[in-house]
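For reference, the structure is listed below as structure tokens.
Coordinate-derived values only; no laboratory data. All figures in this text were calculated on a predicted structure; none of them were measured in a lab. When we count neighbours, we look across all protein chains shown, and the Cβ atoms used for this are built from the backbone with ideal geometry, even at glycine.
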Amino acid sequence: MTSVNTAVQLITRAQAQAAPAARSTCSSALAEGPWAFDTPVPTYGPGASMADSAPAATPRQGELPEEYRRAGDDELDRRITAARQALGSRVVILGHFYQRDEVIRHADFVGDSFQLARAATQRPEAEAIVFCGVHFMAETADLLSRPDQAVILPNLAAGCSMADMADIDSVTDCWEQLAEVYGTEPDAEGRVPVLPVTYMNSSAALKGFCGENGGIVCTSSNAAAVLEWAFKRAQRVLFFPDQHLGRNTAKAMGVPLEQMPLWNPRKDLGGLAEQELLDSRVILWNGFCSVHKRFTVAQIEKARAEHPGVRVIVHPECPMPVVDAADEAGSTDYIRKAIAAGAPGTTFAIGTEVNLVNRLAAEHPEHAIFCLDPVICPCSTMYRIHPGYLAWVLEGLLEGDVRNRITVADATAGSARTALQRMLAVRP
Ligand code: SF4
């Protein structure tokens, strides 16, 4: 099966020649090298979050030297391989499931954000951890790795539009308003009025906020267990930044939708009435993933009409109607395991990032696997990691130059680790 990157190139070429193409992309700019978007203006670049506005403080990547921009795929592949071999155990390369195949083939570990952060701890001898993922993942790896290990993000502009939807100032402001509504006294059972829970897809500053305020981190694999932990300690939860993961998880646990108001950080009291807040069990932050927001109930209905017996599995970052319409919902790890355990000859329609879906299809020729979204629209920020940047940081290490190091400030790191350790102690 051709990689997503190659498919994008073929589609764009066919469009230029006015020839028919089997599929389409959400942006012809995906055929460009990501360096075309390393502009002074903060944008997420082409892909699923290109319509989202990037905060002014979004990190920017300086210009990639021309030799890496001009190099072809084969040359970059050779250079990365040579640098890897020369560096040996001095470096470990981590590749997130949503990365392009041309990067994944060089990864020592492939996984979701938390699996990769833990993988980093399995190579204490490595002086550099090159994280082919996005910014919050590199921060988490820095929190969990040894202080003398350098965590490197090959392209600094590889952020996460969802993580950017909740910043420390807005969450602190929300927290202060909630304290005015609820006070801070525990109830008769010793449960505090509210606890913060942050999804792994958030800045280290927000993980630190949770650590300081009795809260915790969750992943898409353990969100229900983490919410149970929180409900034992609090009357309600403030869940950020992903409203969909929060809503889908709490709904499956039996929390009524009317007890899950949506907090809009641009409005006083989140745009909510005080009584709604008093009646709430889960206050959802108004954030979302633009990749998973693309999946619709109509796509599921079409898949069922065209592929009788199809098994539809979607990620819990998808909107609630999509999760409700699917056969199953689960994390990337759940999706991978479900496919691996499926009876040969099963047809799977998957609602998650297209790079992972294509790779699963290639790894499992015994099944028919396709992405629910017919349009090729990868994650804009994962797309920022191109083999050119990987070659640049690895060759930098060979020259003794640590490029694009991600470091969490000491003032935040301790409390962020506390929130992560609370999560690790929760058993699903
Ligand atoms: S897929 Fe969504 S949540 Fe994951 S990095 Fe991309 S924008 Fe962020």
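Structural remarks
- Residues Arg84 and Glu32, FRET efficiency given R0 of 22 Å [Cβ-Cβ distance, rounded to 0.05]: 0.25
- Prolate/oblate/rounded label for the chain (Cα gyration tensor, a/c 1.5): oblate
- For the chain, cysteines whose Cβ has no other cysteine Cβ within reach (under 4.7 Å): Cys132, Cys160, Cys174, Cys210, Cys218, Cys289, Cys318, Cys371, Cys379
- Of the DSSP H helices in the chain, those with a Cα length along their own long axis of 20 Å or more and a mean Kyte-Doolittle hydropathy reaching -1.0 comprise 73-87, 168-182, 410-425.
- Taking every lysine pair in the chain that is 8 or more places apart or spans two chains, those with Cα atoms closer than 21 Å amount to 4.
- The chain, relative contact order in percent, only Cα pairs under 8 angstrom and at least six apart counted: 22
- A full extension of the chain between Arg60 and Ala298 corresponds to an added length of 82.0 nm, given 0.36 nm per residue minus the alpha carbon distance.
- For region 239-350, the fraction of C-alpha pairs farther apart than 18 angstrom is 56 percent.
- Charged side chains reduced to their Cβ positions (Lys and Arg at +1, Asp and Glu at -1) give the chain a dipole of some 800 debye around its Cα centre.
- Among beta bridges that DSSP assigns inside the chain, antiparallel share in %, nearest 5: 5
- Per-pair calculated FRET efficiency, R0 = 25 Å: Glu75 and Gln17 via Cβ, rounded to 0.05: 0.40
- Cleavage-rule hits, GluC sites (Glu not before Pro), region 171-220, DSSP coil, Cβ neighbours within 10 Å at most 12: Glu189
- Cα lying deepest toward the dipole's positive end in region 97-150, options Val134, Phe97, Pro124, charges on Cβ: Phe97
- Residue order for His364, His96, His292, His106, fewest other beta carbons within 10 angstrom first, comes to His364, His106, His292, His96.
- The stretch between Ala252 and Asn264, if pulled fully straight at 0.36 nm per residue, gains 2.0 nm over its current Cα-Cα span.
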